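This report refers to the structure that appears directly beneath it.
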Amino acid sequence: MLKILDRYILKKFLSTFFFSITLILLIFIVFDIKEKIQTYSTKDIPLKEIIFDYYLMFIPYYGNLFSPLFTFIAVIFFTSKMAHQTEFVAILSSGTSFKRIMRPYIIGASILAFSSLMLNHFILPKAVKIKIGFEDKWINNAYSSEEQNIHKKIGANRLLYLESYDNRLKTGYKISIEDVVNNKQIYFLSADNMQWDSTSNQWNLNKVYERKIITQDRLDTLKTGKPIFKQINKFYTSKKIKLAFVPNDMGRYESKIETMPYFEFRDYIVREKIKGSNKIEFFEVEQYKRTSFPFATFILTIIGVSVSSRKVRGGVGLQIALGLLLSCIYIMFMYIFTTIATTGFASPLLAVWTPNIIFSFVAFYFYKTAQK
């Protein structure tokens with residue numbers, strides 16, 4: 001059961017958090033409207049789409065992105081104010097331990113962390129999909145792929161090469177496909193281009209050269225003693241082919257993974273590993289970050305309470321400044337280790353969780369030295 005002290009602190013915690021995050025989101029929206037107002041007016045974008053497809057998705061996305069930081073700011077702000085009004089002195093003097101005081105803070109952090117976890121894994125991907133769709137339709141002038149010399153493994157033994165790809169036309173240029181078994185090529189196909197046929201879910205290839213290599217049942221006894229191979233060469237003006245490769249595979253990696261809920265994203269990573277994708281580290285960083293980021297709420301809450309619960313001569317401003325400094329250092333660490341993981345120099349799991357591990361020790365230190 002929540003006692004009077006728990007309800008009092010929890011109410012201050014959540015109300016301060018939601019007030020501060022709402023205020024900053026309103027400021028972001030105002031600046032975003034100012035930046036895009038010309039686009040909205042010149043392109044005659046329907047108001048309904050602006051509100052429901054963009055800003056309604058904008059709010060949970062950025063609200064969740066900044067939630068650990070504003071949890072920290074909220075805790076420091078109202079806790080330092082309580083300390084300045086000697087409320088903490090009165091609570092501690094009544095015989096209540098600092099550990100007991102932490103209870104409503106942990107409850108509040110649990111509510112926010114669990115909400116963030118659910119948003120990251122299940123709710124936000126759907127919202128981001130709508131937001132990205134709006135941006136690509138009205139703001140980005142349709143996303144254009146600039147990738148060159150694209151190599152993809154699209155099966156256990158099949159490799160695909162494209163010199164370039166136009167995602168707007170859903171067309172690949174200068175393509176080749178080869179099947180390799182036991183380091184030996186058994187099939188090769190090249191074409192000038194291939195276009196996606198959405199009706200049959202196949203690719204239409206133009207100016208096609210196809211070569212099949214078939215192993216004969218007899219050996220070359222006169223020369224090498226190895227099996228004799230037979231080549232079958234064919235030319236086609238056009239040819240339809242079904243591949244384990246579709247236009248969605250050429251979407252922006254960051255957009256694709258942001259729009260995938262937990263189970264879909266997990267299965268996608270498995271498929272990409274089978275294909276031999278060189279973006280596995282990038283995908284795994286995003287997967288682990290969805291869990292580690294909400295966990296930071298607990299760490300920053302403990303640091304915030306420990307730092308701001310003591311009444312200091314400098315007042316509230318000094319504690320808020322210290323809190324902002326620590327949060328900036330945490331964010332800096334997070335981006336540094338994320339970059340290290342995406343470049344392949346460290347395990348994505350370890351790199352993503354390292355800032356939390358480091359700041360867990362920082363939180364433990366501040367907790368031990370907090371006013372008791």
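Across the chain, Cα pairs under 8 Å and at least six residues apart give a relative contact order of 19 percent. Per-residue Cβ neighbour counts within 10 Å put HIS121, HIS151, HIS84 in the sequence HIS151, HIS84, HIS121, beginning with the fewest. Pairwise Cα separations in region 148-249 fall into 10 Å bins from 0 onward with the following percentages, short to long: 14, 42, 26, 12, 5, 0. Legend: ranking of residues PHE333, PHE78 from fewest to most surrounding C-beta atoms inside 10 Å; resulting order PHE333, PHE78. Computed about the Cα centre, the dipole magnitude for region 148-249 is approximately 260 debye when only Lys and Arg (+1) and Asp and Glu (-1) carry charge, each at its Cβ.
Within the chain, helices built from complete DSSP H runs that reach 27 Å or longer along their own axis (Cα positions) and carry a mean Kyte-Doolittle hydropathy of 0.0 or higher are 4-42, 98-118, 280-308, 316-342, 348-368. Basic side chains Lys and Arg get +1 at the Cβ, acidic Asp and Glu get -1 at the Cβ, and with that the dipole of region 244-343 about its Cα centre reaches some 460 debye. Net length available on complete extension from TYR209 to LYS184 is 7.1 nm, with 0.36 nm assigned per residue and the Cα-Cα distance removed. Here the chain is treated with +1 on each Lys and Arg Cβ and -1 on each Asp and Glu Cβ, and its dipole about the Cα centre works out to around 860 debye.
Under a 10 Å cutoff between Cα atoms, tell me which one of ASN193, ASN157, ASN64 has the largest fluctuation in the Gaussian network model of the chain. Highest fluctuation of the listed residues: ASN157.
Note on region 148-249: dipole from Cβ charges, positive end direction compared against ASN193, TRP203, VAL180; the farthest Cα belongs to VAL180. Extension gain for SER94 to LYS368 (0.36 nm times residue separation, less C-alpha to C-alpha distance): 96.6 nm. Toward the positive end of the charge dipole of the chain, with +1 on the Cβ of Lys and Arg and -1 on the Cβ of Asp and Glu, the farthest Cα among SER94, ILE336, VAL305 is that of SER94.
Its relative contact order, with pairs defined as Cα atoms under 8 Å and 6+ residues apart, puts region 153-203 at 28 percent. Each Cα pair of the chain feeds into the Kirkwood radius, which the Stokes-Einstein equation turns, at 37 °C and 0.692 mPa s, into a diffusion coefficient of 131 µm²/s. Among the listed pairs LYS129/LYS153; LYS131/LYS289; LYS207/LYS275; LYS12/LYS129; LYS170/LYS212; LYS289/LYS311, those whose Cα-Cα separation exceeds 31 Å are LYS12/LYS129; LYS289/LYS311. Residues MET194, MET332, arranged from fewest to most other Cβ atoms within 10 angstrom of their Cβ, appear as MET332, MET194.
With just the Cα atoms defining each centre, how far is region 30-102 from region 329-372? Give it in Å. First find each Cα centre; the distance between them is then 23 Å.
Quick note: the coordinates plus some simple rules give every number you see, no bench work behind them. As the structure is a prediction and not an experimental result, all values here were calculated from the model. Every residue, glycine among them, receives a Cβ derived from its backbone with ideal geometry; neighbour counts consider all protein chains shown.
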